[in-house]
Amino acid sequence: EAGVVQSPRYKIIEKKQPVAFWCNPISGHNTLYWYLQNLGQGPELLIRYENEEAVDDSQLPKDRFSAERLKGVDSTLKIQPAELGDSAVYLCASSFGTNEQFFGPGTRLTVL
Amino acid sequence: GQQLNQSPQSMFIQEGEDVSMNCTSSSIFNTWLWYKQDPGEGPVLLIALYKAGELTSNGRLTAQFGITRKDSFLNISASIPSDVGIYFCAGQSFQGAQKLVFGQGTRLTINP
C-alpha cells in the first residue's frame, strides 16, 4: 500500500515569492492534515480536513497561507508571499477518521 | 493551550544499552502515540496507546499510558544503530477535537 505522497521534497525560493505544496493521502483516508515543523521542534497542526471540509484551521496564518482539498482526496497548501520565517518542513498526514495519523516525507522549504 | 514536556532532549548511549524517555502534560489525553523521525523523512508511528495503564510492546520497544492520563514513557531495550533518530510523543484528546499535540522530541545517538 502506498504511503502519503508529497511533492516537491525540497523547494528554495526568494522571499515574497509564492510557493505551493501538494499532498496525496493514503487511499481511503478521509482525514488530511498539514503540519509545520520547525528545526528541533515537533510538528504543529496548520489545518485539518475531513473530506472536503476544513474542520480546524485555527492555526493557519490566513493572511498568507491558504489550502484546498477540492475533491476530498489530494490537497494543496500555498504560501503567498513567502517570508524568511516560513523556512521549515511542511508535513502532510492522513488518517481514517480520527485514528492513527500517517505522515508523508515532508517538503523542506528554504526562503532566501 | 496544551503542551507536552518530553525528556530528555537528547541521549548519547552505547550500542546494546537500554533507553528510556518520557512525556508529561498538564492536560489529560485519551490517546498517546510515539513516533520516530529519521533525517529528511516524516514521523513514523511506533506505538499507539488508548487506555490508562496500558502497556504495549512492539519488538524491542515498550510504551505505557500513565494512570493519570497525563504522562507516557517509551523504553527501547538493547539498542542497535538503526534506533538512531528523533523520537516524538504525541497526545490526543476529545477536548482538543482530537488534535494531535507533539512533544519537542528526544534525539537518540548511539555509539557503536
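The values are calculated or read from the model by the stated rules, or taken from the named source; none is laboratory data. Because the structure is a prediction, the values reported are computed rather than measured. Heads up, the Cβs are rebuilt from the backbone with ideal geometry, glycines too, and the neighbour counts pull from every protein chain shown. Calculation scope for accessible area: heavy atoms of the full protein, side chains included, ligands and nucleic acids excluded. Shrake-Rupley method; radii C 1.70, N 1.55, O 1.52, S 1.80 Å.
Somewhere in segment B:26-42, is a residue away from chain A (no Cβ under 13 Å), over 14 Å from the mean Cα position of the chain (by Cα) and of a type in the set (D, E, K, R)?
No, the conditions are met nowhere in segment B:26-42.
Taking strands (runs of 3 or more DSSP E) that do not extend beyond segment B:37-100, which have at least 2 residues that are open to solvent by less than 30 Å² (accessible area, probe 1.4 Å) and either at pLDDT below 95 or not β-branched (Val, Ile, Thr) (or both)?
B:44-49, B:61-65, B:71-76, B:85-92
Looking at segment A:1-17, can you tell me whether even one residue there is modelled with pLDDT under 95 and out of contact with any strand residue (DSSP E or B) (no Cβ under 9 Å at 6 or more places or on another chain)?
Yes, that holds for at least one residue.
Scan A:Asn24, A:Asn99, A:Asn51, A:Asn30 and give me the residue that is within 13 Å of chain B (Cβ to nearest Cβ) and either among the aliphatic types (A, V, I, L, M) or open to solvent by 40 Å² or more (accessible area, probe 1.4 Å) (or both).
A:Asn99
Please work out if A:Ser87 is among the small types (Gly, Ala, Ser), over 21 Å from A:Gly3 (Cβ atoms) and free of Cβ contacts under 8 Å to residues at least 12 places away in the same chain.
no
Restricting the first residue to segment A:57-84 and requiring it to be over 13 Å from A:Leu109 (Cβ atoms), which pairs with a second residue that is among the small types (Gly, Ala, Ser) and surrounded by fewer than 13 Cβ atoms within 10 Å (Cβ to Cβ) meet a Cβ separation below 9 Å and a spacing of at least six or different chains?
Taking only residues 6 or more apart or on different chains, the pairs are A:Val73/A:Ser27.
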